[in-house]
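Taking it in order: structure first as structure tokens, then the write-up.
Just so you know, all these numbers are worked out from the coordinates, no wet-lab data involved. These numbers come from a predicted model, not from an experiment. Please note: Cβ atoms are built from the backbone with ideal geometry, for glycine as well, and neighbour counts cover all protein chains shown.
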Ligand SMILES: [Zn+2]
């Protein structure tokens, strides 16, 4: 670390949980953020501010006026710009040392299979079940930790799936693909502005702790209710018959 970095990250270097060793790890780490909206905004800003060295942000959408109520990486003068380009501007303004790869596209299985193995952690900031299952399958196949977050109306959820740990469930253990509930969107249902900040900030916190080598949220589902600021957590188990993570190739690995 150079003198500027010692100053920039000084408040991290004081922490036993980070210190010089952990901060060096973060500087050398690669994170993939899928989605640059309400959840992806705080994730992108905090991973950049915290000095995660290389960050890929992927999203196919452009900034719309209706996004600005909660998607804090974007600004009024960037309406119409691709969200990933807008997020890259915001991240570079906070920390120009971070190498941000902005990809304006809708992820599919082939893109994820190529990109997920090149990253140390994946943060799911998407808003639909189909994409969530694609991301999960790619993370299970590549044995990469996945930080899951979701928020709608006044309620949110968070977990870390890390199938490097044989006991860890995957997203499909919790939400089987053949039992997908009806798709609900913020566009039709609404979402409380700070809720995506709460859940997204927790995703950033867990992603950083994954990169530092220790997340306590594996095998746990955290449920957040904005009304009353209520947090509940429950243990979640691996489904031994899960078609995604209980594939023989996975079990044998
Ligand atoms: Zn599973």
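Kindly identify the stretch 171-253 as rounded, prolate or oblate by the Cα gyration tensor criterion: order the square roots of the eigenvalues as a ≥ b ≥ c, call it rounded if a/c is under 1.5, otherwise compare a/b with b/c, prolate if a/b is larger, else oblate. It is oblate, given that a/c is not under 1.5 and a/b is not larger than b/c.
Ranked for footprinting exposure by Cβ neighbours inside 10 Å, fewest first, 152, 55 give 152, 55.
Sequence-distant contacts, meaning Cα pairs under 8 Å at least 6 residues apart, place the relative contact order of the chain at 19 percent. The stretch 96-127 and the stretch 56-91 have their alpha-carbon centroids 16 Å apart. Each stretch of four or more DSSP H residues adds -39500 (n - 2.57); spread over every residue of the chain, this sum gives -10500 deg cm²/dmol at 222 nm. When each of the peptides 31-39, 200-208 is scored by the mean number of other C-beta atoms lying within 10 Å of its residues, the order from highest to lowest reads 31-39, 200-208.
By definition, a body whose alpha carbon gyration tensor gives a ≥ b ≥ c is oblate when a/c is 1.5 or more and a/b is not larger than b/c, and the stretch 55-191 fits this oblate description. Here 106, 238 are placed in order of increasing Cβ neighbour count within 10 Å, fewest first, which gives 106, 238.
Tell me whether the stretch 3-252 comes out rounded, prolate or oblate; compute the Cα gyration tensor, take square roots of the eigenvalues as a ≥ b ≥ c, and use a/c under 1.5 as the rounded threshold. Judged from the Cα gyration tensor, the stretch 3-252 comes out rounded (a/c under 1.5). Each of 112, 27 has some number of other Cβ atoms within 10 Å of its Cβ, and from fewest to most they run 27, 112.
The value for the stretch 56-118 of Rg(Cα) / (2.2 N^0.38 Å) is 1.19. Note on residue 180 and residue 101: the extension gain reaches 25.3 nm, defined as 0.36 nm multiplied by sequence separation minus the Cα-Cα distance.
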